[in-house]
Amino acid sequence: IALCVTAAGTVVDEKLEGRKGVRKKGVDGQVRSFKEIPHTGRSGWVNLVKFWREDRFRQLHKHMERTFNALGPIYREHLGTQSSVNIILPSDIGELFRSEGLHPERMTLQPWATHRETRHYSKGVFLKNGEEWRVDRLLLNKEVMMSAAVKRFLPLLDEVARDFCRMMQAKVEREGRGEEGKRSLTIDPSPDIFRFALEASCNVIYGERIGLFSSSPSLESQKFIWAVEQMLVTTPPLLYLPHRLLLRIGAPLWTQHATAWDHIFSHAEARIQRWYQRLSSSQGRGSEAGASGGQYSGVLGQLMEKGQLSLDLIKANVTEMMAGGVDTTAVPLQFALFELGRNPEVQERVRQQVRASWEQAGGDPQKALQGAPLLKGTIKEILRLYPVATTVQRRTIKDTILQNYHIPAGTLVQVCLYPLGRSADVFAAPQRFEPDRWVNNGEKGQTVEGSSFRSLAFGFGARQCVGRRIAENEMQLLLMHILLSFHLSVTSSEDIKTTCTLILQPETPPRITFRKL
């Protein structure tokens, strides 16, 4: 519902009055001031001490949910050096996004930016704003977001997903129980899924396989996964502290964070050097097709061959995509296997659709995905219940009104995804795992207006996740091949306890039983 305000600033959308979680009039129907927005405490440093004392950073998603329940659909929070207004209703989210302008600005992850500045590295689109961001982003979109690009990289993802299932079938046959050909194996699959995510990302971004499904994965790849996890864990506390001071005094927290990023960048540097080696090798053979030999050479190869971005900008952007493309797909896949395992009827419904689509597609992965909308619904449902990021943010570029409160230009506004996804004001039966709710234009399970702003795990609009198409297809293809190969079940159907680093994760990875079909 768009908020209508008269020239005098009074609300004229009378039918909203009296509904739960809806904007209220101020004195004499006037728009309320910013200071009147409910808040969690005025002192940012006192609030930060409470957060640390009560270990709220690791339960940030639950803290947000409790705060919305206590204060209503909008509240202010001041933590250390950061202040924000937090919202949850799709109507308010729509109002925020509709006024974002040509250069949407979100919260800068300042520890990441400081690392680039101190190391004299270029920044990728994740850390940029303004016209500079827009120019780079439009060039990147051609290689990662456009349908032609998806068509090029989909076979590379499919190849890795098939190899994962072959590796898992061999493991079940080797280590499982039961008669030959129908064995089952109960394991924590998370190490294998992390290897899949890194292998798939490397294949698409760098155009090369790194052999993570072998019996002895390389130490270099294991170090990369460790570095990404270390970077994610050390980011949240640095967001709220004066990190320049921590840098000056050589605080261990900052040193750990910077060291992790250094390793991530060195991983990208090594891949770029290999691309140059392939190029010089092909030129030495007299090939005119370049480093790729005429084949699709991954995102890196496409950017290098077109030469529209400088080498420093290419390095910055592929590094950000690699760093953001492992945990953010591996973790939702863990949740997906768990939910499919504890909801066998849903699992069977999705499998039947996948099987029919796969047979009709004749081995074409793109056609197979198009014919199985429940697969995409499964990913959307997982990201509703377990959003990778806790918030999507925008910095307002002009004065805005949300919940009939005045929000000044320059305010950081956060859309809180975990409480949004589990709100009974937004979704019918929000605790239920129902991929069907996203099929048929998402009409099922909708309880409020503003349906366009209920699924925001990848962000929105021009600033949505640059790796979105890679991640969506990577997760769908792996689930498709797993469902064609295995029946899934779980050892415990109790809800998974979750924790928050920079992303939402299970406290303990769920154990899954894979039974060969």
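The values are calculated or read from the model by the stated rules, or taken from the named source; none is laboratory data. Everything quoted here is computed from the prediction, not taken from an experiment. Don't worry about glycine lacking a Cβ; one is built from the backbone with ideal geometry, like all the others, and counts go over all protein chains shown. Surface accessibility is based on the protein's heavy atoms, side chains included, excluding ligands, DNA and RNA. Shrake-Rupley method; radii C 1.70, N 1.55, O 1.52, S 1.80 Å.
List of remarks:
- Span-like helix ranges in the chain, DSSP H, alpha carbon extent 27 angstrom or more, Kyte mean at least -0.5: 147-175, 219-239
- Gyration tensor (alpha-carbon) shape descriptor, segment 265-399, a/c threshold 1.5: oblate
- If you model segment 129-250 as an ellipsoid using its alpha carbon gyration tensor, with each semi-axis the square root of five times an eigenvalue, the axes come out at 36, 24, 12 Å, biggest first.
- Accessible surface of segment 192-283, 1.4 Å probe, proportion on carbon and sulfur as whole %: 58
- Theoretical FRET efficiency, 1/(1+(r/R0)^6), r = Cβ-Cβ of residue 216 and residue 34, R0 51 Å, to 0.05: 0.30
- The protection proxy used here, the mean number of other Cβ atoms lying within 10 Å of each residue, ranks peptides 381-391, 192-202, 481-491 as follows, highest first: 192-202, 381-391, 481-491.
- Among the GluC sites (Glu not before Pro) in segment 30-66, those located in a DSSP loop and surrounded by at most 16 other Cβ atoms within 10 Å of their own Cβ are 54.
- Working from label points 7 Å from Cα in the Cα-to-Cβ sense, the residue 397 to residue 355 distance is 5.1 nm.
- Label-point separation, residue 492 to residue 312 (7 Å along Cα→Cβ), nm: 5.1
- What a 1.4 Å probe finds exposed on segment 324-390 is 48% carbon and sulfur by accessible area, rounded to a whole percent.
- In segment 36-168, one over the average inverse separation of all distinct C-alpha pairs is 19.0 Å, which is the Kirkwood hydrodynamic radius.
- Beta-bridge orientation, the chain: approximately 85 percent antiparallel, per DSSP, counting only bridges with both partners inside.
- By average C-beta atoms within 10 angstrom, highest first, the peptides 180-191, 309-320, 501-512: 309-320, 501-512, 180-191
- Segment 101-148 versus segment 314-331: alpha-carbon centroid distance in Å: 13
- Between residue 411 and 396, the built amide H atoms are under 5 Å apart, and every one of these is 5 or more places off in sequence or on another chain.
- For percent of Cα pairs over 40 Å apart, the candidate list reads (1) 49; (2) 25; (3) 32; the entry that matches the value derived from this model is (2).
- Protection proxy ranking, highest mean first, for peptides 117-125, 212-220, 462-470: 462-470, 117-125, 212-220, where packing is the per-residue count of other beta-carbon atoms within 10 Å, averaged.
- Pairwise label distance in nanometres, residue 179 with residue 81, each label 7 Å out on the Cα-Cβ vector: 6.6
- Gained length - residue 295 relative to residue 169, 0.36 nm times residue gap less alpha-carbon distance: 42.4 nm
- Size of electric dipole in the chain: Cβ of Lys, Arg +1 and of Asp, Glu -1, about Cα centre, debye, nearest 20: 440
- Given R0 = 41 Å, the distance between the Cβ atoms of residue 55 and residue 248 translates into a calculated FRET efficiency of 0.90.
- The calculated FRET efficiency for the pair residue 424 and residue 276, based on their C-beta separation and a Förster distance of 60 Å, comes to about 0.60.
- Mean residue ellipticity (222 nm) of the chain, computed from DSSP H runs ≥ 4 via -39,500 (n - 2.57), nearest 500: -16500 deg cm²/dmol
- Solvent exposure of the chain as accessible area per residue, Å², 1.4 Å probe: 42
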